[in-house]
Amino acid sequence: MRLRLLALLASSLAAGSLAAAALPSCTPDTLTGATTGSGGAGGAACAPPKDAPCAVTFHLALTGQKSVELRGDFATGAWVAGVPMSIDGGEWRTSVAVNNTTAIHYKFFVDGATWITDPANQATDMDGNSVSTASCPIIGGVDCSADAGADSGPPPITGNYDWRGAVLYFAFIDRFNNGDPSNDGPVSNIEGPANYQGGDYAGLLAKIEEGYFEKLGVNAIWLTVPMDNANVAGAGSDGHPYSAYHGYWPQNLDKVEEHFGDLALLKKLVDAAHVKGIKILFDYAMNHVHDSSPTFKEHPGWFWPLDYNGKKCTCGGGCDWNDTYEQKRCWFTPYLPDWNFTVPEARAASVDNAMKWITDTGIDGFRLDAVKHIETEWISDLRARVTKEIEPGSKQHFYMVGETFESGNRDLVRKYVDPSLLDGQFDFPLRAVVVEKLLRRTGSMFDLDGFLASNDNYYPGVMSTFLGNHDIARIINTALDDPWDAWAAADKGAGNWSNTPQLPGYKAPFERMAVAFTFLLTTKGIPLIYYGDEVGMPGAGDPDNRRFMQWSGYSADQLFLRGQIEKLGQIRKAHPALWRGGRTTASVTQDTYGYVMTDGADVVSIALNRGDTAAAVAGMPAKAHDLLSDKDVDGPSVTLPPRTAMVLVPR
């Protein structure tokens, strides 16, 4: 995430290099535009003029905190919704853009509860706020980069949509809803689970218009890749032939997949979502094309050769998925040529295509597939063009979230979260811990608390949190009394094609999923609902985890789960503390966890019990109302039935 773009602070700006000493003042030459400074010749480095944007870095040398926000008068609303700070070099830091020579009144908001002045700055105003002036050199705990002003350009675009408050739904188009049977058309000689099944844009549009997503509290939808795909069979790693129903075999890069609809319908869908206040993200596959693509046939030099040192460089075959060089040149399969983005013409052509999809449809963001398998220059080129060409016209920030499939390597995931690259990534490491602790019930809730203490401020962006997705077996399997392995494609004797898992016939797995979704929807990050998880659809690995969406015949347990998620979606919408507030641990036991989310006067306490017996959670309000059950409860210790949660506000 770029904090400067996503905090809804019109003047927030990520800092560049920092100057420790003042440079000579300068004034522009009215004839040539060159600058002349008192300390050097024309064109020499010089401090920004009065009122020029200046990158200001705030420091706080404290340890042991879980979260710190900078709040102040440096932007409209910044006393209420501050800028999160992150640990850097043993101290909390963040940067904002303030006009040169402007006085800044500010405080630090610690752990969502405590206000403190800047201990490195003795200047305060009559209200006890720290005060500094945006100028060089360092003043108190603030330093201003003189060379950030002239090149920083206009304030970044943020718009009126705060991506921190998004709730994302992944609508897997072919498997979601069939609104137009006329565009159905399975590929010959492919079994049903791996073939097109009829979902389309007309079906998704119908669900948008009927208010299905609003009821869930969803305000952003991720769609599968819209490009036209090859209508051929391709061998899967399991020996079965597959079609391109998933969208990841792009053939004609400028055309819409005919099984889903046409460009006019896709644009109508985006417009209808915007009317409902819903943002639309496209899945964008930039790593490869299908070998039948005209782009590959006409420009073979834009792609890595399959042969590499006498071997076929397929990922996990002749080449290593995780080797830092080979992972960027290996082909996912022998029929998916891999783009070589070290070739400038190839990179430009691909970025041009991504830009065309934005301008043709008016979408609001991209989910970028397999980012660790491409050169980062592709991402930075796209970011630069979106910032320059899209956002000034849309007046909204264009959100880009990446996929780096890593369950434990947080450094690799974080590598791509940068102002010049991605706004965030899917938080696979957090997913691994949450599923293990809340659904599989391994270890203890102390493990979850310890991980969150290190993860809350680990990434300089707005991450997407999730439980399930299209690459992992359905999460209801991990919530069974006898749970599946959290990453298994198939387990407990079940398979992906035969003897597939069935809907649980008892309530406990649905209750555990409700507890896990309670956590997801009451903490920072953009929570993802993978289609069908709201009703606990079962399934093994691909293709069984991509069954057609169930729209009728729900069990009472499925209705319970969806009802809980609907409540949580509305609660999250009503309480900004849940998506922008600081989190403080209230209490932890083997099976229970209590925490408090605070954003100014908005204070929400959450209690979770993963255990199979009733248990008490301490640290809750003395007098509270549970928003999930709509009942009053008395604290500070509240007793939760097995596998339940409470979301409490003071009464």
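The values are calculated or read from the model by the stated rules, or taken from the named source; none is laboratory data. Worth saying up front: this structure is predicted, and the values here are computed from it rather than measured. Every residue, glycine among them, receives a Cβ derived from its backbone with ideal geometry; neighbour counts consider all protein chains shown.
Observations on the model:
- For Phe108, the stated conditions do not hold, so it cannot be described as at pLDDT 80 or above, in contact with a strand residue (DSSP E or B) (Cβ under 8 Å, 6 or more places away or on another chain) and assigned to a loop (DSSP other than H, G, I, E, B).
- Every residue from segment 234-254 that is in a loop (DSSP other than H, G, I, E, B) and surrounded by fewer than 18 Cβ atoms within 10 Å (Cβ to Cβ): Gly236, Ser237, Asp238, Gly239, His240
- Of the residues making up segment 451-491, those that are closer than 21 Å to Gln558 by Cβ and surrounded by fewer than 16 Cβ atoms within 10 Å (Cβ to Cβ) are Asp481, Asp482.
- Within segment 356-374, considering residues that are crowded, with 16+ Cβ neighbours inside 10 Å and free of Cβ contacts under 8 Å to residues at least 60 places away in the same chain, the one nearest to Met286 (Cα to Cα): Val371
- Residue ID - nearest to Val462 (Cα to Cα), chosen from residues in segment 377-404 that are touching a residue at least 40 places away in the same chain (Cβ under 8 Å) and of a type in the set (S, T, N, Q): Gln396
- Qualifying residue in segment 471-480 (condition: farther than 29 Å from Tyr248 by Cα and modelled with pLDDT of 95 or more): yes
- Looking across segment 399-436, the residues that are farther than 29 Å from Pro483 by Cα and either assigned to a loop (DSSP other than H, G, I, E, B) or charged (D, E, K, R) (or both) come down to Asp411, Arg414, Lys415, Tyr416, Asp418, Pro419, Ser420, Leu421, Asp423.
- Within segment 272-287, being out of contact with any Ser or Thr (no Cβ under 6 Å at 6 or more places or on another chain) and either of a type in the set (Lys, Arg) or part of a strand (DSSP E or B) (or both) holds for Lys276, Lys279, Ile280, Leu281, Phe282, Tyr284.
- Gln396 in contact with a Gly (Cβ under 8 Å, 6 or more places away or on another chain) and not in a loop (DSSP other than H, G, I, E, B): no
- Any hit, segment 207-221, residues being assigned to a strand (DSSP E or B) and surrounded by 17 or more Cβ atoms within 10 Å (Cβ to Cβ): yes
- Helices (runs of 4 or more DSSP H) fully within segment 290-393 counting 1 or more residues that are at pLDDT 95 or above and outside the structural domain of Ile280 (by TED's automatic domain parsing): none
Per-residue answers, yes or no, for (1) touching a helix residue (DSSP H, G or I) at 6+ places or on another chain (Cβ under 7 Å); (2) over 21 Å from Asp364 (Cα atoms):
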{"residue": "Leu223", "(1), (2)": "yes, no"}
{"residue": "Ala233", "(1), (2)": "no, yes"}
{"residue": "Asp254", "(1), (2)": "yes, no"}
{"residue": "Glu257", "(1), (2)": "no, no"}
{"residue": "Ala264", "(1), (2)": "no, no"}
{"residue": "Lys267", "(1), (2)": "yes, no"}
{"residue": "Ala272", "(1), (2)": "yes, no"}
{"residue": "Gly277", "(1), (2)": "no, no"}
